[in-house]
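Below is one structure, written out as structure tokens; comments come after it.
Since every read-out is calculated from the coordinates, none of them should be taken as a lab result. Since the model is a prediction, treat every value here as computed from it, not as a measurement. We place every Cβ from the backbone using ideal geometry, glycine too, and count neighbours over all the protein chains shown.
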Amino acid sequence: MRSNALRFDNEGAAMLALTRELVERRLATERGDIVDLHRRNLAGLDLSGMALAGVIFERANMARANLAGANLRGAVLERANLAGANLRGANLTQAVLANARLEWACLSGANLDRAFLIGAHLPNAYLRGADMRDAVLRGANLTGA
């Protein structure tokens, strides 16, 4: 773990629910540091339009979250639960989505250029207009997408 990472207190493996206000506050406190939100419960949260580039969301629960228009460039979403999430028009360039759950997620108009989606689960995801140039999809499940 890098010393410049901004971490939330992690009590065991329990997920801590966060609000948009708390996320915004953490993003504003330490500009330039790595923001670590792994294993956090962000389910159903409205994070639309937020600047979340490079944020670590590994194993976070983001089911049904609204991330429309969010900048997630280079974000780490490995094994994150994004089932039913709204990622319409989001920038996911070079994002790491390995083994992420994206069932029924809306990725319409999202930029996934050079995104890493190895083993990602995308059954019934809505991908119309998504830019997936040079995305790595090895082992990804695209059934019904």
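Within segment 96-145, report the trypsin sites (Lys or Arg not before Pro) that DSSP leaves as loop and that have at most 12 other Cβ atoms within 10 Å. Within segment 96-145, the qualifying trypsin sites (Lys or Arg not before Pro) (loop, at most 12 other Cβ atoms within 10 Å) are Arg128, Arg133, Arg138. Taking every alpha-carbon pair in the chain and binning the separations at 5 Å intervals from zero gives 3, 11, 20, 28, 19, 12, 6, 2, 0 percent. Backbone geometry of segment 122-136 corresponds, through the Karplus equation with coefficients 6.51, -1.76 and 1.60 at θ = phi - 60°, to 3J(HN,Hα) couplings of 10, x, 6, 6, 9, 10, 4, x, 6, 8, 10, 4, 6, 6, 9 Hz, x marking Gly and Pro. A simple charge model with +1 on the Cβ of Lys and Arg, -1 on the Cβ of Asp and Glu and nothing else charged puts the dipole of the chain at about 180 debye relative to its Cα centre. Once the Cα-Cα distance is subtracted from the 0.36 nm per residue extended length, the Leu22 to Arg114 segment shows a gain of 30.1 nm.
Applying the Karplus relation 6.51 cos²θ - 1.76 cosθ + 1.60 with θ = phi - 60° to segment 59-69 yields 3J(HN,Hα) values of 6, 6, 8, 10, 4, 6, 6, 9, 10, 4, x Hz, where x marks Gly and Pro. Between helix 20-29 and the chain there is an angle of about 60 degrees, using the helix long axis and the longest principal axis of the Cα atoms.
The distance separating the Cα centre of segment 108-145 from that of segment 19-65 comes to 22 Å.
Note on segment 25-110: Cα-only Rg and Dmax are 11.4, 34 Å.
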